[in-house]
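J.: Following this message is one structure expressed as structure tokens.
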């Protein structure tokens, strides 16, 4: 009998209940008890949904008040010593300080979870790191599920992946030296689970899908040898790519089953079948946990039939990965186009798909004939829909030439023309795009969307907000202005709403980090721009000021990565369609007199395949898409791009190949460490390293920003430097925004004076002692611009 389970379930709630409870607690409007009550209610609901869908095991331990990596660190007792918190008595308030920072300490670093748009808190390790145990929250949650009568499978981040994803700032320290103590801590955890009667524990090891060196492969042997005979059965879970390269070695580990992502890497089963131990379980991840399209159940059954015949009751059925990456339920989407709605399955619907597959394998397809017929009909309808393919879009894509990806002149010639046209001072100051979205702005947009506010009244209110943002920037002394994006709900959703080939949900929220949720649009068909999107707004904003006004656009790769993308054609084809749509907008902005145009690509690094062997293919079509979007302008129009919250040193040649005139990039929390890579690479164009962290409420001093700028001048020629925050300012309040920007402008002016007096050589001789500030944010708030 094939069994069913899931690697994890969304934790935010169908109506984002967790988000609102978190934020009420942070504002001091609600107690810790109220937050815990909300969380317990969500867990109870999610376990019941899994049980009602017939899952043999419900997932517990996958819940987190902020992030599962931080939760694992709190369980182990491995918290950053700089906070001074006792891990055994950690309160929720202190837990959130780790994630969000406090008056004395910046928050823990945050970065992308493999190639997803989810962000995790990076463990900070050193020679003195201890694993003496911390809070018992995970055990409490498992006890809750057991008390409700569920058959529970705890889900934990595996020891090697947890260690792999950690960082150290201690020179010469090897994290692997901590592995014996870490493995012993995991063994204690597993023994405590055994004492509760737990039979199976899932240990997530997606790092096994990476190209690991021998030391890290040996770490699996060391860690799992320590976990042998701990009294529970271990399911080692891999996902997001193939683990076939390491199959033989992994199969020799003392575990009892393996979870494989057979959506991303269906071919890997052939390697695993040769080495799978005779008594080991295979968890087949056959339902897509990363996308929202209804599964082709008939095709999946054909894939599973030989596995079922070979493995029998050792075959488990599951989504490819945790359902954390998809919305909770399709049920409330009553306004979604019925045809498109019929093509979709969110987390709850994926549970039902698992039930159909298991029943078909165990009892025969006749037992679920109606469900299979409905699946067949949905697949056929989607293939036949006239709404998916647009002949004119296809013709335009076919007509793309290599020359369309090239600017008219090299950067050295362009930048001279741009400097003559823009007349900016040295170290020009700007921001990344968004300004605070006040309650009034959100209420205005909501009233317009509900039809309570007419189009003219809405336009007048938004224009008033734009004028307010422009006047504030002029008063602050910024050199290149932005309109503030009061009209935009989200940097992807806003543009997608005005492109054909997109559809939108009302409640399709997905957690990105902490309480930050995004609502990815759906790319279901060929994409094109029916009319200009931002031109009138940019023209109006420019009319308010003599200073240059940036036109603000989202790039093709970010539009792709932060959407749920059609799976019936290569992603490269969809990216090219998006690039052509954005190219039209760029051309119209230039025609309207906008001389600085920013095309944001924070998701460029995120889209990189996990395995380096696959990088070149992706980067070729991703860079091409950006260049096609940008290269339509004249030499004296300046193209900016913005990136943040990823390890960009890995792809510096590709970033240079974008050929943007200016890149603004997050660097403040690593003390400009990223700039060392840009300097060593000899990045040829201009760069705006972020000089303060917008995700923290702390207002940086003039001196602190000045130190970062001096550090930047020591690695990048000052004539190629811009001054800007790390990211957009949507989530901040006006008081702190203006205070921080005032200090930023003052620091830039002071440095200009020093450069005039001392020259760059004088700055290079000055020692700069910078305190490393760990990441305090998460998904770039360009995700909100």
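The values are calculated or read from the model by the stated rules, or taken from the named source; none is laboratory data. Since we're looking at a predicted model, the values are computed, not measured. FYI the Cβ positions are ideal-geometry reconstructions off the backbone, even for glycines, and counts take in every protein chain you see.
J.: Right, residue 442: assigned to a helix (DSSP H, G or I), at pLDDT below 95 and either surrounded by fewer than 17 Cβ atoms within 10 Å (Cβ to Cβ) or within 33 Å of the chain's Cα centre (by Cα) (or both) or not? Before the answer, list the steps.
T.: Numbers: assigned to a helix (DSSP H, G or I): yes; at pLDDT below 95: yes; either surrounded by fewer than 17 Cβ atoms within 10 Å (Cβ to Cβ) or within 33 Å of the chain's Cα centre (by Cα) (or both): yes.
So residue 442 passes the test.
J.: May I pose another question? Considering every residue within region 237-245, establish whether at least one is without any contact (Cβ under 8 Å) to a residue 60 or more places away in the chain, surrounded by fewer than 23 Cβ atoms within 10 Å (Cβ to Cβ), part of a loop (DSSP other than H, G, I, E, B) and touching a helix residue (DSSP H, G or I) at 6+ places or on another chain (Cβ under 9 Å).
T.: no
J.: Moving on to the next point. For region 445-474, how many residues meet the condition of being free of Cβ contacts under 8 Å to residues at least 24 places away in the same chain, within 31 Å of the chain's Cα centre (by Cα) and buried (at least 17 other Cβ atoms within 10 Å of the Cβ)?
T.: The total comes to 1.
J.: Residues of region 677-700 being modelled with pLDDT under 90, in a loop (DSSP other than H, G, I, E, B) and surrounded by fewer than 23 Cβ atoms within 10 Å (Cβ to Cβ), which ones?
T.: Filtering region 677-700 for residues modelled with pLDDT under 90 gives 677-683, 689-700.
Filter once more, so that each one left must be in a loop (DSSP other than H, G, I, E, B): 682-683, 691-700.
Correct list: 682, 683, 697, 698, 699, 700.
J.: Does residue 671 satisfy being out of contact with any strand residue (DSSP E or B) (no Cβ under 8 Å at 6 or more places or on another chain), modelled with pLDDT under 90 and more than 18 Å from residue 108 (Cα to Cα)? Don't jump to the end; show me each part of the working.
T.: Values: out of contact with any strand residue (DSSP E or B) (no Cβ under 8 Å at 6 or more places or on another chain): yes; modelled with pLDDT under 90: yes; more than 18 Å from residue 108 (Cα to Cα): no.
Against the criterion (out of contact with any strand residue (DSSP E or B) (no Cβ under 8 Å at 6 or more places or on another chain), modelled with pLDDT under 90 and more than 18 Å from residue 108 (Cα to Cα)), residue 671 does not qualify.
J.: Among the residues in region 37-54, are any more than 22 Å from residue 348 (Cβ to Cβ) and in contact with a helix residue (DSSP H, G or I) (Cβ under 9 Å, 6 or more places away or on another chain)? Show your work before the answer.
T.: Just the residues of region 37-54 that are more than 22 Å from residue 348 (Cβ to Cβ), to begin with: 37.
Now restrict to residues that are in contact with a helix residue (DSSP H, G or I) (Cβ under 9 Å, 6 or more places away or on another chain): 37.
Looking through region 37-54, at least one residue is more than 22 Å from residue 348 (Cβ to Cβ) and in contact with a helix residue (DSSP H, G or I) (Cβ under 9 Å, 6 or more places away or on another chain).
J.: Would it be correct to say that residue 703 is part of a helix (DSSP H, G or I) and closer than 23 Å to residue 638 by Cβ? Before the answer, list the steps.
T.: Values: part of a helix (DSSP H, G or I): yes; closer than 23 Å to residue 638 by Cβ: no.
When the stated conditions are applied, residue 703 does not pass them.
J.: Would you mind telling me which numbered condition in (1) within 19 Å of residue 432 (Cα to Cα); (2) surrounded by 24 or more Cβ atoms within 10 Å (Cβ to Cβ) residue 577 fails?
T.: (1)
J.: Going by what's in this entry, would residue 79 be described as in a loop (DSSP other than H, G, I, E, B) and buried (at least 17 other Cβ atoms within 10 Å of the Cβ)? Spell out how you get there, then give the answer.
T.: Working: in a loop (DSSP other than H, G, I, E, B): yes; buried (at least 17 other Cβ atoms within 10 Å of the Cβ): yes.
Considered against the rule, which asks whether it is in a loop (DSSP other than H, G, I, E, B) and buried (at least 17 other Cβ atoms within 10 Å of the Cβ), residue 79 comes out as yes.
J.: Still on this structure: Can you report the number of residues in region 400-420 which are more than 33 Å from the chain's Cα centre (by Cα), loosely packed, with under 11 Cβ neighbours inside 10 Å and free of Cβ contacts under 8 Å to residues at least 24 places away in the same chain?
T.: Of the residues in region 400-420, 1 are more than 33 Å from the chain's Cα centre (by Cα), loosely packed, with under 11 Cβ neighbours inside 10 Å and free of Cβ contacts under 8 Å to residues at least 24 places away in the same chain.
J.: Please go through region 362-399 and give me each residue that is touching a residue at least 40 places away in the same chain (Cβ under 8 Å) and more than 23 Å from residue 345 (Cβ to Cβ), ordered by number. Steps first, please.
T.: First pass over region 362-399, keeping only residues touching a residue at least 40 places away in the same chain (Cβ under 8 Å): 362, 365, 371-372, 375-376, 378-379, 381-383, 385, 387-390, 392-394, 396-397.
Passing the criteria: 390, 392, 393, 394, 396, 397.
Every residue, every condition in (1) out of contact with any helix residue (DSSP H, G or I) (no Cβ under 7 Å at 6 or more places or on another chain); (2) in a helix (DSSP H, G or I); (3) surrounded by fewer than 20 Cβ atoms within 10 Å (Cβ to Cβ); (4) not assigned by TED's automatic domain parsing to the domain that holds residue 72, yes or no:
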position	(1), (2), (3), (4)
134	no, no, no, no
144	no, yes, yes, no
153	yes, no, no, no
161	no, yes, no, no
176	no, yes, yes, no
187	no, yes, yes, no
201	no, no, no, no
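J.: So which of 530, 602, 556 ends up being touching a helix residue (DSSP H, G or I) at 6+ places or on another chain (Cβ under 6 Å) and either within 24 Å of residue 473 (Cβ to Cβ) or surrounded by fewer than 19 Cβ atoms within 10 Å (Cβ to Cβ) (or both)?
T.: Numbers: 530 fails: touching a helix residue (DSSP H, G or I) at 6+ places or on another chain (Cβ under 6 Å); 556 fails: either within 24 Å of residue 473 (Cβ to Cβ) or surrounded by fewer than 19 Cβ atoms within 10 Å (Cβ to Cβ) (or both).
Only one candidate qualifies: 602.
J.: Still on this structure: Of all residues in region 295-329, how many are crowded, with 22+ Cβ neighbours inside 10 Å and within 25 Å of the chain's Cα centre (by Cα)?
T.: Selection size over region 295-329: 12.
J.: Every residue in region 24-33 that is over 19 Å from residue 14 (Cβ atoms) and part of a helix (DSSP H, G or I), please.
T.: Start the filter on region 24-33 by keeping residues that are over 19 Å from residue 14 (Cβ atoms), which leaves 25-33.
Result: 25, 26, 32, 33.
J.: Kindly provide the set of residues from region 475-487 that are part of a helix (DSSP H, G or I) and surrounded by fewer than 16 Cβ atoms within 10 Å (Cβ to Cβ), ordered by number.
T.: To start, the set of residues in region 475-487 that are part of a helix (DSSP H, G or I) comprises 475-476.
Residue satisfying the conditions is 475 alone.
J.: Test each condition in (1) modelled with pLDDT of 95 or more; (2) under 24 Å from residue 739 (Cα atoms); (3) crowded, with 20+ Cβ neighbours inside 10 Å for residue 511 and report the one that comes out false.
T.: With respect to (1) modelled with pLDDT of 95 or more; (2) under 24 Å from residue 739 (Cα atoms); (3) crowded, with 20+ Cβ neighbours inside 10 Å, residue 511 is out only on (2).
J.: Of the conditions (1) modelled with pLDDT of 95 or more; (2) under 22 Å from residue 701 (Cα atoms); (3) touching a strand residue (DSSP E or B) at 6+ places or on another chain (Cβ under 9 Å), residue 97 fails just one. Which one is it?
T.: The one condition residue 97 does not meet is (3).
Conditions (1) under 17 Å from residue 294 (Cα atoms); (2) in a helix (DSSP H, G or I); (3) in contact with a strand residue (DSSP E or B) (Cβ under 8 Å, 6 or more places away or on another chain); (4) assigned by TED's automatic domain parsing to the domain that holds residue 54, marked per residue:
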site	(1), (2), (3), (4)
313	no, yes, yes, yes
327	yes, no, yes, yes
330	yes, no, yes, yes
335	no, no, no, yes
352	yes, yes, no, yes
356	yes, yes, no, yes
359	no, yes, no, yes
376	yes, yes, no, yes
379	yes, yes, no, yes
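J.: Another question, then. So which of 102, 117 ends up being assigned to a loop (DSSP other than H, G, I, E, B), crowded, with 18+ Cβ neighbours inside 10 Å and in the same structural domain as residue 29 (by TED's automatic domain parsing)? Lay out the reasoning, then the answer.
T.: Numbers: 102 fails: crowded, with 18+ Cβ neighbours inside 10 Å.
Being assigned to a loop (DSSP other than H, G, I, E, B), crowded, with 18+ Cβ neighbours inside 10 Å and in the same structural domain as residue 29 (by TED's automatic domain parsing) holds for just one of 102, 117, which is 117.
J.: Kindly establish whether residue 472 is assigned by TED's automatic domain parsing to the domain that holds residue 725, assigned to a helix (DSSP H, G or I) and under 25 Å from residue 688 (Cβ atoms). Walk me through how you get there before you give the answer.
T.: Numbers: assigned by TED's automatic domain parsing to the domain that holds residue 725: yes; assigned to a helix (DSSP H, G or I): yes; under 25 Å from residue 688 (Cβ atoms): yes.
Against the criterion (assigned by TED's automatic domain parsing to the domain that holds residue 725, assigned to a helix (DSSP H, G or I) and under 25 Å from residue 688 (Cβ atoms)), residue 472 qualifies.
J.: Return the only residue of 542, 569 being surrounded by fewer than 24 Cβ atoms within 10 Å (Cβ to Cβ), touching a residue at least 12 places away in the same chain (Cβ under 8 Å) and out of contact with any helix residue (DSSP H, G or I) (no Cβ under 7 Å at 6 or more places or on another chain).
T.: Residue meeting the stated conditions: 542.
J.: Continuing with the same structure: State whether the residues of region 286-293 include one that is assigned to a helix (DSSP H, G or I) and either surrounded by fewer than 21 Cβ atoms within 10 Å (Cβ to Cβ) or at positive phi (or both). Even if it seems obvious, please write down each step before you answer.
T.: Initial filter on region 286-293 (assigned to a helix (DSSP H, G or I)): none.
Taking every residue of region 286-293 in turn, none turns out to be assigned to a helix (DSSP H, G or I) and either surrounded by fewer than 21 Cβ atoms within 10 Å (Cβ to Cβ) or at positive phi (or both).
J.: Suppose we keep only residues that are modelled with pLDDT under 95 and over 12 Å from residue 553 (Cβ atoms) within region 617-650. Which one would you say is surrounded by the most Cβ atoms within 10 Å (Cβ to Cβ)?
T.: Taking region 617-650 as the starting set, the residues that turn out to be modelled with pLDDT under 95 are 642-650.
Now restrict to residues that are over 12 Å from residue 553 (Cβ atoms): 643-650.
Values: 643: 27, 644: 26, 645: 29, 646: 19, 647: 12, 648: 20, 649: 15, 650: 14.
Checked region 617-650; the qualifying residue surrounded by the most Cβ atoms within 10 Å (Cβ to Cβ) is 645.
J.: Step by step: first the residues of region 246-273, then only those that are assigned to a strand (DSSP E or B) and either free of Cβ contacts under 8 Å to residues at least 12 places away in the same chain or over 24 Å from the mean Cα position of the chain (by Cα) (or both), then the one that is surrounded by the fewest Cβ atoms within 10 Å (Cβ to Cβ). Which residue is that?
T.: Going through region 246-273, the residues assigned to a strand (DSSP E or B) turn out to be 257-261.
If we keep only those that are either free of Cβ contacts under 8 Å to residues at least 12 places away in the same chain or over 24 Å from the mean Cα position of the chain (by Cα) (or both) too, we end up with 257-258.
On the way: 257: 20, 258: 27.
Ranking the qualifying residues of region 246-273, first place goes to 257.
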